[in-house]
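What follows is calculated from the coordinates using simple rules that are stated; it is not laboratory data. Please read all numbers here as calculations on a predicted model, not as lab measurements. In this analysis, Cβ positions are derived from the backbone assuming ideal geometry, glycine residues included, and neighbour counts consider all displayed protein chains.
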Amino acid sequence: MNDLKIILATGTMSEDGWRDALAQAFAAAGLRCDLAVWDGRPHGARYAVVWLPPAELFAAEPGLRAVFNLGAGVDALLARGMVPAPLPILRLVDAGMAPKIAEYVCFAIARIVRGLERFGPPPGGLRDWNASRPRGDAPVVGVLGLGAIGAAIVEAAVRFGYPVRGWSRRPRAIAGVETFAGPAWFDAFLARTEVLVNALPLTAQTENLLDRRAFAQMPRGAHLINVGRGGTVADDDLVAALDSGQLASATLDVFRVEPLPPGHAFWSHPKITVTPHLSGPTPYGPAAEQIAAALTQLEHGVQARDLPGYVDRAAGY
């Protein structure tokens with residue numbers, strides 16, 4: 001049996017980290033693979049493992065059978081329009097990211113509810129033992145998107161005692177959680193949501209979904225936490241909602257343009273906390289094992305469309 005030729009193009013990610021993790025996972029799965037790092041030359045590869053790859057890769061590798069995306073989101077890859085239409089794309093499904101994102105979200109909720117930002121170091125931090133205490137009742141947390149990541153956020157928030165509701169494109173039943181589905185129930189979902197957590201992918205249907213009209217449906221003084229995709233939020237409308245007091249704060253980990261440009265209004269807005277897309281770091285080991293498992297199935301005749309993480313290009317994820 002000849003070694004499987006696999007091309008690796010990691011873009012802004014660590015080339016060494018992914019190469020080592022994939023080599024180890026392939027060996028553990030019993031796969032004989034020739035793993036080459038993209039260097040601009042054709043390698044006759046059968047599979048590609050990529051993050052924001054150059055368009056030249058696909059022209060140089062016409063024999064590819066599938067493309068593995070090193071992340072759960074494929075909006076940037078699809079937007080570039082470089083992956084030939086017949087070529088299946090497989091994305092990561094959680095791969096250890098969901099618990100990390102849920103942890104980030106729960107910290108952000110606690111920071112909001114308990115007013116932790118008031119107690120920073122000098123000179124601005126409060127030094128008052130009698131400072132006002134947080135409200136006694138827990139705010140209603142609404143989670144947009146109930147896939148692997150959204151479901152993990154729901155589970156964590158419920159565990160911490162928050163009343164939780166969820167919204168998804170298709171109906172989803174989650175024990176102990178009020179769920180809504182489809183555009184017709186979007187406003188009803190927002191109406192009582194005091195802390196909105198966005199975990200949606202970026203698609204034609206979700207782009208700018210969180211705009212001026214959506215923010216107006218929420219209780220005055222509500223909060224936004226975005227760990228989904230930056231393009232789902234209308235930037236100018238968010239700033240306007242914060243300036244008017246309709247929203248009290250926004251914690252943003254994802255942005256329409258990344259890195260967030262230095263002069264962007266989000267950096268200097270007093271009600272916005274910016275973090276540099278760090279809520280869900282992808283663990284090399286579990287992600288590489290997921291890719292190795294999928295490769296094994298593909299090599300045993302399983303169709304890509306029947307595997308977890310198969311990307312429906314029409315749906316955008």
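Quick notes on this one:
- Computed over region 67-132, Kirkwood Rh from alpha-carbon pairs, angstrom: 15.8
- FRET E, pair residue 256, residue 137, Förster distance 45 Å, beta-carbon r, rounded to 0.05: 0.85
- Descending semi-axes in Å of region 116-170, equivalent ellipsoid built from Cα gyration tensor: 33, 13, 9
- Euclidean distance between Cα centres, region 150-192 to region 205-229, Å: 15
- Region 102-143 - convex hull of alpha carbons, volume per residue in Å³: 81
- Under 12 Å, Cβ to Cβ, from residue 4 - net charge with Lys/Arg +1 and Asp/Glu -1: +1
- All C-alpha to C-alpha distances of the chain, sorted into 10 Å bins beginning at zero, yield P(r) values of 5, 25, 30, 21, 13, 4, 1, 0 percent in whole numbers.
- When the Gaussian network model of the chain links Cα atoms closer than 10 Å, the mean-square fluctuations of 43, 277, 300 top out at 300.
- The relative contact order of region 131-203 comes to 37 percent, based on Cα pairs under 8 Å that sit 6 or more residues apart.
- Of the trypsin sites (Lys or Arg not before Pro) found in region 12-109, those that fall in a DSSP loop while having at most 16 other beta-carbon atoms within 10 Å are 32, 65.
- A convex hull fitted to the Cα coordinates of region 187-317 yields 126 cubic angstrom per residue.
- Trypsin sites (Lys or Arg not before Pro) lying in DSSP loop within region 230-317, provided at most 14 other Cβ fall within 10 Å: 313
- Tensor-based shape of region 140-222 (alpha-carbon gyration tensor, a/c under 1.5 rounded, otherwise prolate or oblate): oblate
- Dimensionless Rg over Rh [region 21-111; C-alpha; Kirkwood]: 1.07
- Working note: Karplus 6.51/-1.76/1.60 with θ = phi - 60° gives region 131-146 the couplings 4, 4, 8, x, 4, x, 8, 7, x, 6, 9, x, 10, 8, x, 10 Hz, where Gly and Pro are set to x.
- Value of D in µm² per second that Stokes-Einstein yields for region 185-250, Kirkwood Rh from Cα pairs, at 4 °C (1.567 mPa s): 112
- Chymotrypsin sites (Phe, Trp or Tyr not before Pro) lying in DSSP loop within region 126-185, provided at most 12 other Cβ fall within 10 Å: 129
- Rounded to whole Å, the principal axis extents of the Cα atoms in region 245-305 read 56, 23, 18, largest first.
- Relative contact order (%) - criterion: Cα under 8 Å, at least six apart; region: region 67-193: 19
- Kirkwood Rh in Å, taken over all unlike Cα pairs in region 160-208: 11.8
- Shape category assigned to region 1-157 from the gyration tensor of Cα positions, a/c cut at 1.5: prolate
- Under-5 Å amide H pairs with residue 66, H placed in peptide plane, nonlocal only: 48
- Relative compactness, region 218-269, computed as alpha-carbon Rg over 2.2 N^0.38 Å: 1.09
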